[in-house]
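Values in this text are rule-based calculations from the coordinates and carry no lab data. The shown structure was predicted, so the numbers you read here are calculated from the model rather than taken from an experiment. Cβ placement follows ideal geometry from the backbone for every residue including glycine, while neighbour counts extend to all protein chains displayed.
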Amino acid sequence: MNSMATANLALTYSQSKQPIVGVPFFLVHRRGRINLIRLKEKLQGRFTEEEIPIPEETTGKTEEEIYIPDIFKEQEKILLKSSIDETVLTLSSLFGKATVDRPVQLDYRDKKILVIGTTQIYFAILYDNKTKRHYLVVFGSRANSREMHTTLNSFLGDLGIVSVPSKLEPERIDEVRRELNGNLLDTTLGNFPSQTITKKRIWGRGYQNEPAYLRDAEIGSIRQHMFEFKAGNLPYSVVTLSEDGLTRFYTSLTYKDFEWFLRERIFQRLRQIKKPEVPMVAYTTLDDLFESETSES
């Protein structure tokens with residue numbers, strides 16, 4: 001990667017402000033601490049291709065048939081490509097940009113057209129000193145996070161690392177809101193002890209002390225909170241916290257500020273929801289990737 005691309009990605013991380021959504025995953029490996037400098041070298045430029053079958057009938061003349069433009073076929077094959085395009089080391093993380101292909105079927109009048117859509121996804125890999133854990137944060141929608149989680153696992157698995165989903169328990173979601181003295185704007189409650197009501201959604205402003213809300217929150221469980229708050233270096237902010245750890249800022253901030261918020265409020269409250277099998281690799285070839293817990297990355 002040339003120095004100009006590195007500089008642009010560094011500016012995107014530290015200065016570009018926008019509404020941001022991210023989903024955190026735990027990174028699990030067999031020993032020590034990941035050296036982010038070495039990880040950057042091993043991930044930079046990684047590339048995969050996945051072949052998907054071409055439907056037998058592709059003329060597009062009937063509703064049942066699918067038309068595939070030639071640009072998406074290579075030697076009578078459809079290839080989905082994924083790549084790590086750029087990475088940059090910040091003072092606290094490895095920040096990167098990837099592209100992921102996915103098939104998209106479109107309806108055009110009486111035809112069905114199969115095209116390949118490409119999505120640009122940002123991500124960060126970091127170590128948190130408070131929890132002594134490594135994390136992968138995928139920026140974007142839940143759909144993007146699932147795509148990138150799978151793609152990065154295919155790369156990380158070769159290095160003896162695997163990413164696994166996290167969970168933010170209902171009491172932890174509300175704990176963050178109370179710690180920040182946030183005013184509730186939108187809450188989803190679930191797990192009601194009722195055969196006819198399974199979920200409730202409450203809208204308003206500052207209803208966290210309303211008896212009706214407190215009663216529902218007591219008998220149900222919090223699935224998602226949206227609230228407004230002011231804390232630390234962040235401006236007045238509106239954020240949504242969800243049970244899968246998804247954190248969505250509706251007000252503009254930088255990726256650097258988003259990472260700060262996760263470190264200060266979220267990571268210590270996350271729970272790893274399963275114990276994965278870490279891929280066995282020849283560690284003699286990866287000695288420079290892992291270091292002792294007391295080392296600095």
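Some points to look at:
- Using a cutoff of 8 angstrom between alpha carbon atoms and counting only pairs six or more residues apart, the relative contact order for the range 147-297 works out to 29 percent.
- Summing Cβ point charges (Lys, Arg +1; Asp, Glu -1) relative to the Cα centre of the chain gives a dipole of roughly 1060 debye.
- Cross-link pairs exceeding 24 Å in C-alpha to C-alpha distance, out of Lys130/Lys200; Lys17/Lys97; Lys130/Lys199; Lys73/Lys112; Lys132/Lys256, comprise Lys130/Lys200; Lys130/Lys199.
- Length-normalised contact order for the chain - Cα pairs under 8 Å, 6+ apart - percent: 25
- Share of Cα-Cα pairs in the range 73-183 lying beyond 23 Å, as whole percent: 47
- Selected from Val164, Val137, Val115 as most flexible by GNM, with the chain as the system and alpha-carbon contacts under 10 Å: Val115
- Rounded to the nearest 500, the 222 nm mean residue ellipticity of the chain from helices alone is -6000 deg cm²/dmol, with -39,500 (n - 2.57) taken per DSSP H run of at least 4 residues.
- Amide H contacts under 5 Å for Arg133, placed H, 5+ residues apart: Asp128
- Over the range 143-215: Rg over Rh, Cα atoms, Kirkwood Rh: 1.16
- If you bin all the Cα-Cα distances of the chain at 5 Å, starting from zero, the percentages per bin are 1, 5, 10, 13, 14, 13, 12, 10, 9, 7, 4, 1, 0, 0.
- The amide H of Tyr207, built 1.01 Å from its N in the peptide plane, has Leu184 as neighbours under 5 Å, considering only residues 5 or more places off or on other chains.
- Taking trypsin sites (Lys or Arg not before Pro) as exposed when their DSSP state is a loop state and no more than 16 other Cβ atoms lie within 10 Å, the longest site-free interval of the chain runs over 133-204.
- Couplings 3J(HN,Hα) of the range 21-36, computed from phi: 10, x, 10, x, 10, 7, 9, 10, 8, 8, 7, x, 10, 6, 7, 5 Hz, in residue order, whole Hz [Karplus 6.51 cos²θ - 1.76 cosθ + 1.60, θ = phi - 60°; x for Gly and Pro].
- For the options Val238, Val21, Val278, a Gaussian network treatment of the chain with springs between C-alpha atoms closer than 10 Å singles out Val278 as fluctuating the most.
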